[in-house]
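Asks: Structure provided below as structure tokens; questions to follow.
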Amino acid sequence: MKWKRFKFLLILLLVPFIMGQSEGQKAEAPAEKAMPPGDAKNGQIVYEKRCVWCHGWAGAGDGPAADRLRPRPRDFTKGKYKIRTSLSGKLPTDRNLFDAISNGLHGTGMPAWRNVISDQEISDVAMYIKSFSKKFKRWAKKGKPIPEIEVGPEVPSSPESIEKGKQIFLKLECWKCHGKSGKASGPSMPTLQDDWKFPIRPANFTKPWNFRGGNRRIDIYRRFNTGVMGTPMASFKSSLDNEKSWHLVNFIESLSPTKKRPGVEEIVRVAEVEGDIPMDFEDPVWQSATKYFFPLLGQFQIEPRQFWTTIHDVNMKGLHNGEDVAFYFEWDDPTKSPIDPTKVYPLQYRDAFYLQFPLKMPSDPTKKPYFVGGDKKRAAGVWFWESESMKTVLLKAKGLFKTKVVGDATPIETKAVYDDGRWRVIMKRKMQTGNEKELQIETGKFLPLSFHAQDGSDGDFGTKRNVSTWYWLVLEPKISDTRYAVAGIVFVLVLGLEFVWIRKQSNS
Amino acid sequence: MKLNSFVKGILVTVGLYAALIVLFGAVTLFGMVEVNINGILFEESSSNILPSSIQYMYIFFIFVGVVLYYTSSAEKIEETIRPMANFVFNPEKKASIKVGQYTMYSVLPFFFAFVGYNQMTPKFPEPIALRVIHPAPPTTIKIFGEPHNLVSLENPYRQYEKSDPEEFKQLALEGGFIYFKNCFFCHGDFLDGRGMTSLNLNPVPANFQDVGTIAMLQEAFLFWRIGTGGPGLPDESWPWQSAMPIWQNILTQQEVWKVILFLYDYTPPQITPRTFS
């Protein structure tokens, strides 16, 4: 009887484990699930509820949100689709449409609809959007399947294969748009437009989470073999064979250490080092410092607003030596602005970076200035850097339109370098300056910090910027070695007490 | 098999919690699913019924209940404590208990040494500040340059829902245009708070599909929250941190009311504005 009850408890205990197991497997299942046959009539109902807002009622990519999205939503009337498995110039297969709706187009406004609508509905919509272009009907009359790219046996990654891929990358001039480092910073980048004359940016190979058609090896293989229709990205199939394609895949993969976007930490912990903090980016002290990743988003708060992000994220490191504190920033920007104006980017400003703190150390650090450039009640102190003077000044900000330079602020030593699609900036200042008008930085005290960034070549100026909300910064002191001694003493002490106890026990 | 009440207490605690998990299908501790927001993948609990904070609260109550039960009478206390006393003093000189004792003797010094080491390592925890997610609205507030009484304020377009459904449909559609020109970047195509910027924000954008957000609120509350945005929040709700713009600076009063119509119209039918009548 008792054992029976116990068994019941055991089963109860095990159920969640089993359930957890099956959940885990579901999450890992690849997207290659069967596509149910679609019904265009029902697809129209779903389309007019969910899709019209971006793609428009007539499928021309002109819904209410269209002007505020970049890349713009697809215009279905032309029958030109970016993400396909079909040969260059051909229509997408039904499966291609299903997958694009299901997975979304990463790094764009197109979400993964499988999160919220059923496979049946996705399939129905796929059928309906085909009706926007006559090309699909015309092709259907031929009664032939759409020809697709064949993917041959895989060449696994190796240093030799990556090197071969690099040679192909250089020979086919991929770098002219994508940049030698793969950061979308090639010399042709500022002239790139799609077939609808809208600006378009090449893929940044160091951020695979933004690859529109996915970042699996086979996705990359297909992309340069099928081309991205409607954009300057042509098909390179005629210059490649299966083996060369895999070399190129291996090279592109080698440009990014991770496929997943790095995680975001709430606290930047700045470690103490001995001696001067180097102003050299390559210095081993900087290379070994912890790197923090912060995503940015458009400045939606104050007109004129920024609807799409031009600088997606910024990486930060920090070091201090008890006297000076230095911050190292690194972010991707395809151009060193301003550049010569092009037809696509006629307005040119400088690049800029804003490191925001409260102007002065607040008595309660949990009460902060407004993250968009401070407010009337609490001023922000902004370390403002821009690419024309290459200098950093301190701004007192009580809102984006109430900002002025603090004249007698302690100088912020700055070094900035632009190389192939990336800005790197080091800012260094005394922790304690003795100037009451500015922030005094102390070890162990938490400070709010946030970031704004601008790409001047993409029209960012004034309120047009990419922003982050508040995070924390703390300078940590070097930890003394007394903790090892304490651990040792405690160990011996407890052991001694145990001996006394055991002897007492065996005596009694 | 005879179980003493100490072991029973532990089993009952774990068992009750497990039963709860089974009952609500809440597998927070075990099941994680990968979510994809515009290519950015992250893991989240596969449970959408019970948030983990509530589950931890339940686990706490169950634990307290079990402790109370097993300490409710002198015999129960005695019965619960006996196995512990047996282990420490080993009156019957059992060999199996001896093995257990010496294992403990060898582990304890390491444990306390670690505690000492840990105590001596300075830690810098984030300053604790609790954010009030649903602040009490002020009764009167100045929005769009005029004072409004939030208790009596009503959506001027709500009446058309019954009197003129065609007109109502048109107004909700206009609200949709406004939503997809301004709001969906954060609050998402599905109004589920999972727009393309949502992962870059803390606090995360509100999920209107959730029965715990707009379905619990009056339209006037939404009017206040939209009109004055993040900076219109009281200090305990972190006005400096919310990315919600001050929409009265960007939209008109009519546009705000239309977008509120849209929010309730586009979400499932059970999500309706709360009224006091």
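The values are calculated or read from the model by the stated rules, or taken from the named source; none is laboratory data. Worth saying up front: this structure is predicted, and the values here are computed from it rather than measured. Every residue, glycine among them, receives a Cβ derived from its backbone with ideal geometry; neighbour counts consider all protein chains shown.
Asks: Show the residue pairs that are 6+ apart or on different chains and have beta-carbon atoms under 9 Å apart, the first residue being within segment B:226-242 and at positive phi and within 11 Å of another protein chain (Cβ to nearest Cβ), the second being assigned to a helix (DSSP H, G or I) and not basic (Lys, Arg).
Replies: Cβ pairs passing all conditions: B:GLY229/B:TRP247; B:GLY229/B:GLN248; B:GLY229/B:ASN249; B:TRP238/B:GLY230.
Asks: Quick test of your reading of the structure: A:LEU192 fulfils all but one of (1) out of contact with any Pro (no Cβ under 6 Å at 6 or more places or on another chain); (2) touching a residue at least 24 places away in the same chain (Cβ under 8 Å). Name the failing condition by number.
Replies: With (1) out of contact with any Pro (no Cβ under 6 Å at 6 or more places or on another chain); (2) touching a residue at least 24 places away in the same chain (Cβ under 8 Å) applied to A:LEU192, the lone miss is (1).
Asks: Among the listed residues A:VAL467, A:VAL474, A:VAL486, which satisfies the condition of being within 11 Å of chain B (Cβ to nearest Cβ) and over 24 Å from A:GLY322 (Cβ atoms)?
Replies: Just a single option satisfies the conditions, and that option is A:VAL467.
Asks: Then there is this: Answer yes or no as to whether B:GLU34 is closer than 30 Å to A:HIS312 by Cβ and either in contact with a helix residue (DSSP H, G or I) (Cβ under 8 Å, 6 or more places away or on another chain) or at pLDDT 80 or above (or both).
Replies: Considered against the rule, which asks whether it is closer than 30 Å to A:HIS312 by Cβ and either in contact with a helix residue (DSSP H, G or I) (Cβ under 8 Å, 6 or more places away or on another chain) or at pLDDT 80 or above (or both), B:GLU34 comes out as yes.
Asks: Is it true that some residue in segment B:161-184 is away from chain A (no Cβ under 13 Å), in a loop (DSSP other than H, G, I, E, B) and either closer than 17 Å to B:LEU222 by Cα or aromatic (Phe, Trp, Tyr) (or both)?
Replies: no
Asks: Moving to a separate point now. Among the residues that make up segment B:122-137, is at least one of them surrounded by 13 or more Cβ atoms within 10 Å (Cβ to Cβ), more than 13 Å from chain A (Cβ to nearest Cβ) and at pLDDT 85 or above?
Replies: Checked against the condition, which is being surrounded by 13 or more Cβ atoms within 10 Å (Cβ to Cβ), more than 13 Å from chain A (Cβ to nearest Cβ) and at pLDDT 85 or above, segment B:122-137 yields at least one hit.
Asks: To continue, here is another question. Which strands (runs of 3 or more DSSP E) sit wholly inside segment A:223-320 and have at least 3 residues that are of a type outside the set (Gly, Ala, Ser) and away from chain B (no Cβ under 14 Å)?
Replies: By residue number, A:313-320.
Asks: For a quick check of your reading of the model, give me the residue pairs whose first member lies in segment A:195-206 and is free of Cβ contacts under 8 Å to residues at least 40 places away in the same chain and part of a loop (DSSP other than H, G, I, E, B), whose second is surrounded by 14 or more Cβ atoms within 10 Å (Cβ to Cβ) and among the hydroxyl-bearing types (Ser, Thr, Tyr), with beta-carbon atoms closer than 7 Å and at least 6 apart or on different chains.
Replies: Here the result reads none, with nothing in segment A:195-206 linked to a residue that is surrounded by 14 or more Cβ atoms within 10 Å (Cβ to Cβ) and among the hydroxyl-bearing types (Ser, Thr, Tyr).
Asks: Please determine whether any residue of segment A:162-169 is under 27 Å from A:ASP67 (Cα atoms) and either outside the structural domain of A:PRO73 (by TED's automatic domain parsing) or of a type in the set (A, V, I, L, M, F, W, C) (or both).
Replies: No, there is no match, as no residue in segment A:162-169 is under 27 Å from A:ASP67 (Cα atoms) and either outside the structural domain of A:PRO73 (by TED's automatic domain parsing) or of a type in the set (A, V, I, L, M, F, W, C) (or both).
Asks: Filter segment A:368-424 down to residues that are assigned to a strand (DSSP E or B) and within 13 Å of chain B (Cβ to nearest Cβ) and give me whichever is surrounded by the most Cβ atoms within 10 Å (Cβ to Cβ).
Replies: A:ALA380
Asks: Within segment A:254-262, is even one residue in contact (Cβ under 8 Å) with a residue 60 or more places away in the chain, of a type in the set (Gly, Ala, Ser) and buried (at least 18 other Cβ atoms within 10 Å of the Cβ)?
Replies: The answer is no, given that none of the residues of segment A:254-262 is in contact (Cβ under 8 Å) with a residue 60 or more places away in the chain, of a type in the set (Gly, Ala, Ser) and buried (at least 18 other Cβ atoms within 10 Å of the Cβ).
Asks: Next question. Contact list please: Cβ distance under 9 Å, first residue in segment A:485-508 and within 14 Å of B:GLN101 (Cβ to Cβ) and at pLDDT 90 or above, second residue hydrophobic (A, V, I, L, M, F, W, C) and part of a helix (DSSP H, G or I), pairs at least six apart or on different chains.
Replies: A:GLU498/B:LEU108
Asks: Would you check if there is a residue in segment A:453-461 being part of a strand (DSSP E or B), within 14 Å of chain B (Cβ to nearest Cβ) and within 29 Å of A:PHE281 (Cα to Cα)?
Replies: For segment A:453-461, residues part of a strand (DSSP E or B), within 14 Å of chain B (Cβ to nearest Cβ) and within 29 Å of A:PHE281 (Cα to Cα): present.
Asks: Out of segment B:196-220, which residues are in contact (Cβ under 8 Å) with a residue 60 or more places away in the chain, assigned to a helix (DSSP H, G or I) and either of a type in the set (Lys, Arg) or within 14 Å of another protein chain (Cβ to nearest Cβ) (or both)?
Replies: B:SER198, B:LEU199
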